[in-house]
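The values are calculated or read from the model by the stated rules, or taken from the named source; none is laboratory data. Just so it is clear, the model here is predicted, and its values are computed rather than measured. Here Cβ is always computed from backbone atoms with ideal geometry, including for glycine, and neighbour counts include all displayed protein chains.
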Amino acid sequence: MTDYNPSSAHASEFISHREVMATLDYAAAHCNDSVLANEILDKAAIGKGLTHREATMLLYCTDEQITTRIFDLARDIKQRIYGNRIVMFAPLYLSNHCVNSCTYCAYHAKNRTIPRRKLSQDEIRREVTALQDMGHKRLALETGEHPVHSPIEYVLESIDTIYSIRHRNGAIRRVNVNIAATTVENYRLLRDAGIGTYILFQETYHRPTYEQLHPAGPKSDWAYHTEAMDRAMQGGIDDVGIGVLFGLHDYRYDFAAMLMHAEHLEARFGVGPHTISVPRIRPADDISLDDFPNAVTDQVFRRIVAVLRLAVPYTGMIVSTRESQECRELVLEVGVSQLSGASRTSVGGYSSEQTDDSAQFDICDNRTLDEIVAWLLQLGYIPSFCTACYREGRTGDRFMSLAKAGQIANCCAPNALMTLQEYLQDYASAHTCSLAPDIIERELNAIPSLKTREITARRLQEIIDGKRDFRF
């Protein structure tokens, strides 16, 4: 018996340690059962997802034929649901003042070497203008937790500033928010400010490790942090993004627990996470990987992504510039649907010539946004700057119902093409522009609805003629 209750409001019950351990034991005991593994993969092929136990069993499986089928099926499901679209975004760091003592983060309160900065509203305008000049339309707002330097009022004012900025053809059309766990009332304020997805990483679900890694500060409260998504949902935010920082604890434990968290959101609120992020521990100002022996290899990381795609087929999966170009290419084909590009993890890093001495972590992929867009086109993907679902109210269960019915492709593919065409007209280099026409024609012809295809073709020409911001 376990105390696992996915419908419970209590973190210790929907992230039951005993259930996680029972899941790991089950997976270890059955990982060489190829008949069972193929039955699980047959279920995954239908596109309805897997339970945390089923997915964890596939994560453990070492059979080469099963492994090959996992990756093949992950490619197929990703293509079936997302097609060739890859959504682009950038993080925007507002402040690195922080009262927490997270031992894996350069922002931790005891770090005396990192310069502390907080952007003024004028500095935010300069940062956003710089991001708009690259071509970004979607931001992930980041800030350290500090009651004086980063209160909710500052965050709300910053969101309002970001949305107000128009620079040439530039506009940030959606701000996603990654700030510390807060109250239902504050989540309601964020919803009213027009945010997209609320994102919060659990870091690790293993409570003893979590408490060891967070020795002081508000974030040290494991239950309050773990229950944050429930409060966000109660505050009216129906698109939430979860994730763990792989390498803090055993990846298999956190993998199973994260899927239990997804099951909990589905059971209690009727809709699972809109996104799952899969960052890995990175070195930073005073952080060394030598202190984290659970670091995950590239091949294990690829397997994590592939099995997640089987388990939660309709959930967006995010990989940041923490990962190298080579690693990002490995995971794109088996599940990842969103990428950050030209990221700066330092406060003020987009508009100033300062060094990254205030960065939260080291970046692996330092290419420009145009270089990343060209790379994606060369790989056959459609870089998408789409924010239409947020602005058309297709969030939460409304988005999921369309996705599960196979109808979302008639919105997503045209929107991706139109936002790519905007990018090509306003920001792209000649080389990047030269890579796009054949791919745009291919994707346009693949739109299922003839009427939608015709409207999209007309709008693509209108974008070339100077019009902007069409959406389905």
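Pairs are defined by a Cβ separation below 9 Å, a sequence spacing of at least 6 or placement on different chains, a first member in segment 48-66 that is without any contact (Cβ under 8 Å) to a residue 60 or more places away in the chain, and a second member that is part of a loop (DSSP other than H, G, I, E, B) and surrounded by fewer than 19 Cβ atoms within 10 Å (Cβ to Cβ); the pairs so defined are 57/33; 61/32; 61/33; 62/32; 63/32.
Working only within segment 360-373, note down all residues that are out of contact with any strand residue (DSSP E or B) (no Cβ under 9 Å at 6 or more places or on another chain) and of a type in the set (A, V, I, L, M, F, W, C).
Residues of segment 360-373 out of contact with any strand residue (DSSP E or B) (no Cβ under 9 Å at 6 or more places or on another chain): 363-364, 366-368, 370-371.
Hits for segment 360-373 are 363, 364.
Scanning segment 424-451 for residues that are in contact with an Asp or Glu (Cβ under 9 Å, 6 or more places away or on another chain) and assigned to a helix (DSSP H, G or I) yields 431, 432.
In this structure, is residue 238 touching a Gly at 6+ places or on another chain (Cβ under 7 Å) and either modelled with pLDDT under 95 or surrounded by fewer than 21 Cβ atoms within 10 Å (Cβ to Cβ) (or both)?
Details: touching a Gly at 6+ places or on another chain (Cβ under 7 Å): yes; either modelled with pLDDT under 95 or surrounded by fewer than 21 Cβ atoms within 10 Å (Cβ to Cβ) (or both): yes.
The answer is yes for residue 238.
Restricting attention to segment 18-37, the residues being outside any loop (DSSP other than H, G, I, E, B), surrounded by fewer than 20 Cβ atoms within 10 Å (Cβ to Cβ) and acidic (Asp, Glu) number 1. When segment 360-388 is filtered for residues that are touching a Leu at 6+ places or on another chain (Cβ under 9 Å) and among the polar types (S, T, N, Q), the ones remaining, listed by number, are 378, 384.
Which helices (runs of 4 or more DSSP H) does segment 64-176 wholly contain that include 3 or more residues that are on the phi < 0 side of the Ramachandran plot, surrounded by fewer than 21 Cβ atoms within 10 Å (Cβ to Cβ) and under 21 Å from the mean Cα position of the chain (by Cα)? So that I can check it myself, show each step before the final result.
Values: elements: 64-82, 121-134, 152-164.
Passing ranges, in order: 64-82.
Which one is nearest to residue 72 (Cα to Cα), of the residues in segment 318-346 that are surrounded by fewer than 23 Cβ atoms within 10 Å (Cβ to Cβ) and of a type in the set (Asp, Glu)? Among them, the one singled out is 333. Report whether or not residue 390 is under 29 Å from residue 48 (Cβ atoms) and of a type in the set (Ser, Thr, Tyr). Spelling it out, residue 390 is indeed under 29 Å from residue 48 (Cβ atoms) and of a type in the set (Ser, Thr, Tyr).
Within the set 127, 157, 142, 153, the sole residue that is without any contact (Cβ under 8 Å) to a residue 12 or more places away in the chain, acidic (Asp, Glu) and assigned by TED's automatic domain parsing to the domain that holds residue 235 turns out to be 153. Every condition in (1) touching a Leu at 6+ places or on another chain (Cβ under 7 Å); (2) within 18 Å of residue 318 (Cα to Cα); (3) charged (D, E, K, R) holds for residue 252 except the one numbered (2).
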